[in-house]
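A short reminder: the numbers here are calculations on the coordinates, not readings from a lab. What you see is a predicted model, and the numbers here were worked out from it, not measured in a lab. Every residue, glycine as well, gets a Cβ built from its backbone with ideal geometry; the counts of neighbours run over all protein chains shown.
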Amino acid sequence: MYKFDFELDDFQKEAVKYIDEGKSVVVCAPTGAGKTCIAEHAIHRALEDGTKVIYTTPLKALSNQKFSDFGRKYGEDKVGLLTGDTSINRDAQIVVMTTEVFRNMLYGTNLGELAKNLQGVKYAVLDEVHYMNDEERGTVWEESIIYCPTDIQIIALSATVANAQQLCDWINTVHSDTECVYTDFRPVPLRFFYYDSSRPFDLLPLLTPDGKLNSKIRPERRDKNSRAKAKQRNTAKDVISVLHKKDMLPAIYFTFSRKKCDEQMEKCCNLDLITKEEAKEIQKIVDEYLKENPYLEHNKHLDYIYHGVASHHAGLLPGWKVLVEKLFQKGLIKVVFATETLAAGINMPARSTVISAISKRTDNGHRMLTANEFLQMSGRAGRRGMDKVGYVTVIGTQFQSPEEVAELVLSDANPLESRFSPKYSMVLNLLQKFSMDEAKELILKSFGYYSSSDRLKPLYTQLEKTDKTIEKLNEFVCPYKLTNKDLLEYNKTRETYVVHRKLSKTLIKQAKQRGEKDAPEVTEFLDKTKSLLAKMKSYHCDICRTYKKHMKDIDVLERYEKKAEQLTKNIANEKDIYWNKFKNHRAVLTKLGYLENDFPTEKGMLCSTIRAENELYIAEMLLSGILDDLTPAQLSAVVCSVITEDLRGDVFPSQPLSHPTRKALNQLKNVRKKIAVVQRDYDIDTEMYINSYYSPLIEMWVEGLSWEELTGMTQSSEGDVVRVFKRTIDILRQIANAQYINPQLNATAKDAIKAILREPIDVD
């Protein structure tokens, strides 16, 4: 049996013990606590037993990193990689993949059984499982757990979340025997500091020893003069200077703008952060790297690396970010200016982290960071085995108070919330194998449904209060033993009597005018009126002192009973929200011919294999005939337009499109309209893009334009262009392998992929 060459922490020992007992585990621990070695224990067991491990991550970059790390540690022949656009040694004992790829593998698996592509798999590691909170991708993690064969032990690794036990209980319910291992212990403790612009050459401890806000910290001034001074000040440079003097580097400086990352890097390049020996080592590593990646020789960020500073964000080429990560891990880059995406899992620990603000701009305006976002970023501070303490510095701004910063630092982690949402592909894949009743059973296995009691707590609380009020109102006892029904009957009788009395006077007057003293109909009517009076008096309400209170209570009771009825309906709807969504998607698929008698048609089979946010839209596009006669360049341009999210309203393509491409895009509008009309009837609103901003670029790229020429034609960053092109390739690969479409379209997609995959697009 393999043993680590170091003493495991208590939580690691506990997790390892459960794995050895054949149980699944949910491990919840702070960033840097050492969760990975628990997964490595499973890897060692698999290597010894001749079984397999699937290791999933939420990001391609993280998958690439794990693939590289495991290859060095266990041998390249033992490790494979599957990321959608990359397939290396897929039959290896250790296969690293994105969680989406794992989910897609499971779609071809009967529930609870092992498919051919899962033969021999003993363990499935779900790294960064707190991504279940992700609004767009969270469903993938839930599906992966629900569909995962029960013979496979799940090892779910998570940063700190508030409801780890609830997650564990759910996995225990839908999968197999599962234990929760939780710790808030950090091997490298964190110390928090506050940068006050009034003291630019110092850092103030944020908290006192007893956990209170340091009284020396003052809020930033918010007048016009202070804002002008703030613009003139070079805060990043000042902060890094202080960290350098205090031996608190290397640092990751988090900011929420790509532009600011680059600007701050430029301002800090003359700080003399590295020694001559380190500069020589950087030069050597960079030279070797550029020999392998010559397309990076003219990268505009190259000079800054030699000064020990760099930026890291989605706008940079993937190959460049790999170089930055490599140099930072070796301690040669002293400061990386990064967006918060760096906190999502890439292994770049530092002695310090700097957080430029505790709020960030979103599509819906500014919002405060969540506790989990702050924990992810601050958790990058402190290198295990290298630092005794990790340092976190928060920059003071005019838009936050020191009190708010302290509150965030002291906040508990946020709970995991289900983002489960049935999609067209889910409906089609489930109905290939299961009846509607069986599909419903699976939907009800979601974490969303399991945790609905928490989500419904406010409604249940309201209903409970309403029921208590109703009960209290019903406690009123009438002195004459009248029920609410009796009182309502009295009111009805009284109203009728008042009408009769008025009418009686009119009838008597009319009889006198006719000279009829005792007209039979008048007499009969007067008798009815007298009987109504007698009936009314029999209730005793006219002499009862509590009558008004009783009536008021009835009115209130009626309102509360209606409220209780509505709350009950709302609870029922919320409980069935996922199943109702499933049925609505099924209805759309049936209406458009993708389902017949609740089983996929050929069209449905095609749609079920498409992995995209708008799979129905893409399926309709492929089946429409619009794409059949396009060239590889034109097909790439059209596909690119349907996967590119809407940009600002004033952003337009900088280059013209070819006529066939423009014609195809115009025809696609009818396809989009057709789907939208049907979806509207079933309260479904999926994004269906036709955004041609990048389409001319990919069209020219496929036709042979150089990268330098291409990037000179757009204001978009290189990283954005690469990312869009790779997403286009992902859909083209699916088109190339798709059944039930024009074979010419399969061939065109293959040619397009070959043409796109040139440096730097083919570099991860």
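Straight Cα distances below 17 angstrom link LYS13 to the aspartates and glutamates ASP5, GLU21, GLU40, GLU179, ASP184, with same-chain residues fewer than 8 positions distant left out. A cut-off under 10 angstrom between Cβ atoms defines the neighbours of ALA46, and their net charge, with Lys, Arg +1 and Asp, Glu -1, is +2.
The slack between LEU302 and THR523, meaning 0.36 nm per residue of separation minus the straight C-alpha distance, is 68.5 nm.
What the Cβ-Cβ distance of GLU645 and GLN432 gives, at R0 = 35 Å and to the nearest 0.05, is a FRET efficiency of 0.70.
Taking Cβ atoms as reference points and 13 Å as the exclusive limit, the residues near VAL174 contribute a net charge of -4, counting Lys and Arg as +1 and Asp and Glu as -1. Our helix-only sum for the chain, with -39,500 (n - 2.57) per DSSP H run of n ≥ 4 divided by its residues, gives a mean residue ellipticity at 222 nm of -15500 deg cm²/dmol.
Annotation: extensible slack from ASP202 through GLN667 equals 161.2 nm (criterion: 0.36 nm per residue apart, minus Cα-Cα distance).
To the nearest 10 degrees, how steep is helix 457-473 against the longest Cα principal axis of the chain, on a 0 to 90 scale? Orientation of helix 457-473: about 20 degrees from the principal axis. With the highest mean first, a sort of the peptides 322-335, 277-290, 37-50 on other beta-carbon atoms found within 10 angstrom per residue produces 322-335, 37-50, 277-290. Computed from backbone phi with θ = phi - 60° and the Karplus coefficients 6.51, -1.76 and 1.60, the 3J(HN,Hα) list for region 257-262 is 9, 4, 4, 5, 3, 5 Hz; x is used for glycine and proline. Other residues with beta-carbon under 12 Å from the beta-carbon of ASN742 carry, at +1 per Lys or Arg and -1 per Asp or Glu, a net charge of -2. Each of the peptides 95-103, 666-674, 611-619 was scored by the mean count of other Cβ atoms within 10 Å over its residues; in descending order, highest first, they stand as 95-103, 611-619, 666-674. For the listed peptides 537-550, 8-21, a ranking on the average number of other beta carbons within 10 Å per residue, highest first, reads 8-21, 537-550.
Where both bridge residues fall in the chain, DSSP classifies roughly 20% of the beta bridges as antiparallel.
With an 8 Å cut-off on Cα pairs and a minimum separation of 6 or more residues, tell me the relative contact order of region 190-410 in percent. Reported relative contact order: 29 percent. Classify region 609-756 as rounded, prolate or oblate, taking a ≥ b ≥ c as the square roots of the eigenvalues of its Cα gyration tensor: rounded when a/c is under 1.5, otherwise prolate if a/b is larger than b/c and oblate if not. Oblate, because a/c is 1.5 or more while a/b does not exceed b/c. Cross-link partners for LYS291 among the aspartates and glutamates, with Cα-Cα distance under 19 Å and sequence neighbours closer than 8 places in the same chain left out: GLU281, ASP303, GLU325, GLU708, GLU759, ASP762, ASP764. The lysines within cross-link reach of LYS537, meaning a Cα-to-Cα straight distance under 21 Å and a gap of 8 or more places when in the same chain, are LYS481, LYS485, LYS492, LYS502, LYS505, LYS528, LYS548, LYS549, LYS552. Within the chain, CYS28, CYS37, CYS148, CYS261, CYS268, CYS269, CYS478, CYS541, CYS544, CYS607, CYS640 have no other Cys Cβ under 4.7 Å of their Cβ and so lack a disulfide-compatible partner by this rule. Computed from phi, the 3J(HN,Hα) profile of region 127-139 under the Karplus parametrisation 6.51, -1.76, 1.60 (θ = phi - 60°) reads 6, 6, 5, 5, 4, 4, 6, 5, 4, 8, 10, x, 4 Hz, with x in place of Gly and Pro.
In this structure, the residue pairs whose Cα-Cα separation is over 20 Å, taken from LYS73/LYS284; LYS78/LYS326; LYS246/LYS334; LYS423/LYS591; LYS60/LYS267, are LYS73/LYS284; LYS78/LYS326; LYS60/LYS267. Rounded to the nearest 20 debye, the dipole magnitude of the chain is 3480 debye, with +1 charges on Lys and Arg beta carbons, -1 on Asp and Glu beta carbons, and the Cα centre as origin. Coupling constants for region 707-719 follow from the phi torsions by the Karplus curve (6.51 cos²θ - 1.76 cosθ + 1.60, θ = phi - 60°), and in residue order they are 5, 4, 5, 5, 5, x, 9, 9, 8, 5, 6, 4, x Hz; glycine and proline get x.
Under a model in which nothing but the beta-carbon of Lys, Arg (+1) and Asp, Glu (-1) is charged, region 190-410 shows a dipole of about 520 debye around its Cα centre.
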